[in-house]
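Asker: This structure is in structure tokens; I'll ask about it shortly.
The values are calculated or read from the model by the stated rules, or taken from the named source; none is laboratory data. This is a predicted model, so every value here is computed, not measured. With ideal geometry, Cβ positions are generated from the backbone for all residues, glycine too; neighbour counts draw on all protein chains shown.
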Number of protein chains: 2
Amino acid sequence: MRVIFNEEMKAVADDLDRMAQDVRNAINLAGDALLRRDVEAAQAVIDGDARIDELEASVIDQCVRLLAKQTPVATDLRVVVSTLRLAATFERMGDLAKHIAESARCAYPESPLPADAVEVFSQMQDFLSETADNVVAMLSDRDARIADRVIRNDDKLDAMHHRTFELALSDDWDGTNQQLIDVVLLGRFMERIGDHAVSAARRVVFIVSGFDPSKEPGPDEDGSVE
Amino acid sequence: MRVIFNEEMKAVADDLDRMAQDVRNAINLAGDALLRRDVEAAQAVIDGDARIDELEASVIDQCVRLLAKQTPVATDLRVVVSTLRLAATFERMGDLAKHIAESARCAYPESPLPADAVEVFSQMQDFLSETADNVVAMLSDRDARIADRVIRNDDKLDAMHHRTFELALSDDWDGTNQQLIDVVLLGRFMERIGDHAVSAARRVVFIVSGFDPSKEPGPDEDGSVE
């Protein structure tokens, strides 16, 4: 199936694919920064964010030009409007990866995470890395089944995120307040990357099938963290 | 000055104004929930979020229909595309107010905040309340000067947000880990509401003047919190 079916949309689709790839790269490098204290990876994420922002601006410009040049039909329009929102979503995922990288750079040469928290954050990172692969694949293959998998998997990330709070509230917790602040913020950033991936996946399902899965009853994609 | 200059955009502009008013209401009620332990206010924010979501869906539908019906000229297009993004921004501000209300409801009949943190959160709430007034006014009066004020004021919120971390890291801090988690998350939610207000203000300046202030060199609107 093809998300971008309109020949005139080819250049925009390419930029959107590039954004997804850059975001995947940022997520993976942010994970290296966080879990391997790789400060060069952190810097690469921080420096690379400008390119994601530029790609978003390029996607917006091209979509606006496309809308101006053509009298769009219903399905074309749905794709253009969804493309605008996908670009905004990817831009935000890049920002969140940058926040993780900044936190790692700030704590360097230490880790911002206490030793006890490394395992659950590694699991969250593995999950986000796989999700980022799925986001790239669902776009480049125009595959709603992969998008559907991203949507259905999100509960797993929420469960891991919940474990970071359990850890911080357990009697065994002996981290500093700075570490607790970092655990809460890093967990939030990672959870939000997952939320945005779900939002992107819903948009791909909508483009491919015309069915909007966000209107299905289901858990709030950005539910309460309390 | 008129943000929405096109007669056909009148209904969309009305919905957008309604969104801004609902978001202002949600922000004020979330503040009552948080600072006055008003659990009915919390419930009102949580229940009211669906209407904000519906208004967003209505704005999107109307914008897509508008794009389909008309061959849009450059400025009309800029308004329609910016309107789509403003609606997404307001929807997100509503979500964040809901998160604050959920946190307050969860802690009820206690406050999620330790006594020492009430003052700085009250200041942040006053700031957001004034910002919400400005957001409503900049839209309904189509006034780029008010929008500009929202953009320029954001540093103040960042400074207050920074104080929440100083508080949590000071020797005087004697809150529980649950309180520290709440302080970090509530501070983050409030900071993000401010960021979204800035983003909305930039869009209003862009619509009114054609000048995009986000391309000006300046502090990252969602800068690192570390």
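Asker: Just to be sure before I move on: is B:ARG65 modelled with pLDDT under 95, surrounded by fewer than 22 Cβ atoms within 10 Å (Cβ to Cβ) and at the interface with chain A (Cβ under 10 Å from one of its Cβ atoms) in the structure I sent? Even if it seems obvious, please write down each step before you answer.
Answerer: Details: modelled with pLDDT under 95: yes; surrounded by fewer than 22 Cβ atoms within 10 Å (Cβ to Cβ): yes; at the interface with chain A (Cβ under 10 Å from one of its Cβ atoms): yes.
So B:ARG65 fits the description; yes.
Asker: For the stretch A:142-161, which residues satisfy the criterion of being without any contact (Cβ under 8 Å) to a residue 40 or more places away in the chain and surrounded by fewer than 16 Cβ atoms within 10 Å (Cβ to Cβ)?
Answerer: A:ARG145, A:ARG152, A:LYS156, A:ALA159
Asker: Considering only the stretch A:109-117, I want to know if a residue exists there that is farther than 26 Å from A:ARG37 by Cα and touching a Leu at 6+ places or on another chain (Cβ under 7 Å). Working first, answer last.
Answerer: Filtering the stretch A:109-117 for residues farther than 26 Å from A:ARG37 by Cα gives none.
Checked the stretch A:109-117: no residue is farther than 26 Å from A:ARG37 by Cα and touching a Leu at 6+ places or on another chain (Cβ under 7 Å).
Asker: Please pick out the residue among A:ASP182, A:ASP222 that is closer than 30 Å to B:LEU169 by Cβ, within 13 Å of chain B (Cβ to nearest Cβ) and at pLDDT below 95.
Answerer: Working: A:ASP182 fails: at pLDDT below 95.
Selected residue: A:ASP222, the only one of A:ASP182, A:ASP222 that is closer than 30 Å to B:LEU169 by Cβ, within 13 Å of chain B (Cβ to nearest Cβ) and at pLDDT below 95.
Asker: Go over the candidates B:SER129, B:SER103 one by one and state the one that is touching a residue at least 24 places away in the same chain (Cβ under 8 Å), among the hydroxyl-bearing types (Ser, Thr, Tyr), facing chain A (nearest Cβ under 10 Å) and part of a helix (DSSP H, G or I). I'd like the intermediate steps shown before the answer.
Answerer: Values: B:SER129 fails: facing chain A (nearest Cβ under 10 Å).
Answer to the selection: B:SER103.
Asker: Looking for something surrounded by 20 or more Cβ atoms within 10 Å (Cβ to Cβ), within 12 Å of chain B (Cβ to nearest Cβ) and either assigned to a helix (DSSP H, G or I) or in contact (Cβ under 8 Å) with a residue 12 or more places away in the chain (or both) - is there at least one such residue anywhere in the stretch A:171-178? Explain how you work it out, then say what you get.
Answerer: Start the filter on the stretch A:171-178 by keeping residues that are surrounded by 20 or more Cβ atoms within 10 Å (Cβ to Cβ), which leaves none.
Scanning the stretch A:171-178 turns up no residue that is surrounded by 20 or more Cβ atoms within 10 Å (Cβ to Cβ), within 12 Å of chain B (Cβ to nearest Cβ) and either assigned to a helix (DSSP H, G or I) or in contact (Cβ under 8 Å) with a residue 12 or more places away in the chain (or both).
Asker: Separate question: Which one of the conditions (1) within 18 Å of the chain's Cα centre (by Cα); (2) touching a residue at least 40 places away in the same chain (Cβ under 8 Å) does B:VAL80 fail to meet, given that it meets all the rest?
Answerer: Failed condition: (1).
Asker: Looking only at the stretch B:206-217, decide whether some residue is within 13 Å of chain A (Cβ to nearest Cβ) and of a type in the set (D, E, K, R).
Answerer: Yes: the stretch B:206-217 contains one or more residues that are within 13 Å of chain A (Cβ to nearest Cβ) and of a type in the set (D, E, K, R).
Asker: Going through B:VAL39, B:VAL79 one at a time, which residue ends up being among the β-branched types (Val, Ile, Thr), out of contact with any His (no Cβ under 9 Å at 6 or more places or on another chain) and surrounded by 18 or more Cβ atoms within 10 Å (Cβ to Cβ)? Before the answer, list the steps.
Answerer: On the way: B:VAL39 fails: surrounded by 18 or more Cβ atoms within 10 Å (Cβ to Cβ).
Selected residue: B:VAL79, the only one of B:VAL39, B:VAL79 that is among the β-branched types (Val, Ile, Thr), out of contact with any His (no Cβ under 9 Å at 6 or more places or on another chain) and surrounded by 18 or more Cβ atoms within 10 Å (Cβ to Cβ).
Asker: Okay, moving on. Can you tell me which residues in the stretch A:68-77 are more than 7 Å from chain B (Cβ to nearest Cβ) and either of a type in the set (A, V, I, L, M, F, W, C) or under 13 Å from B:ALA68 (Cβ atoms) (or both)?
Answerer: A:GLN70, A:VAL73, A:THR75, A:ASP76
Asker: Also, I was wondering about something else. If you go through the stretch A:37-53 one residue at a time, do you hit one that is of a type in the set (Asp, Glu), closer than 30 Å to A:GLU110 by Cα and away from every other protein chain (no Cβ under 14 Å)?
Answerer: Yes, the stretch A:37-53 has at least one match.
Asker: Of the conditions (1) in contact (Cβ under 8 Å) with a residue 24 or more places away in the chain; (2) surrounded by fewer than 20 Cβ atoms within 10 Å (Cβ to Cβ); (3) under 18 Å from A:VAL135 (Cα atoms), A:ASP14 clears all except one; give me its number.
Answerer: (1)
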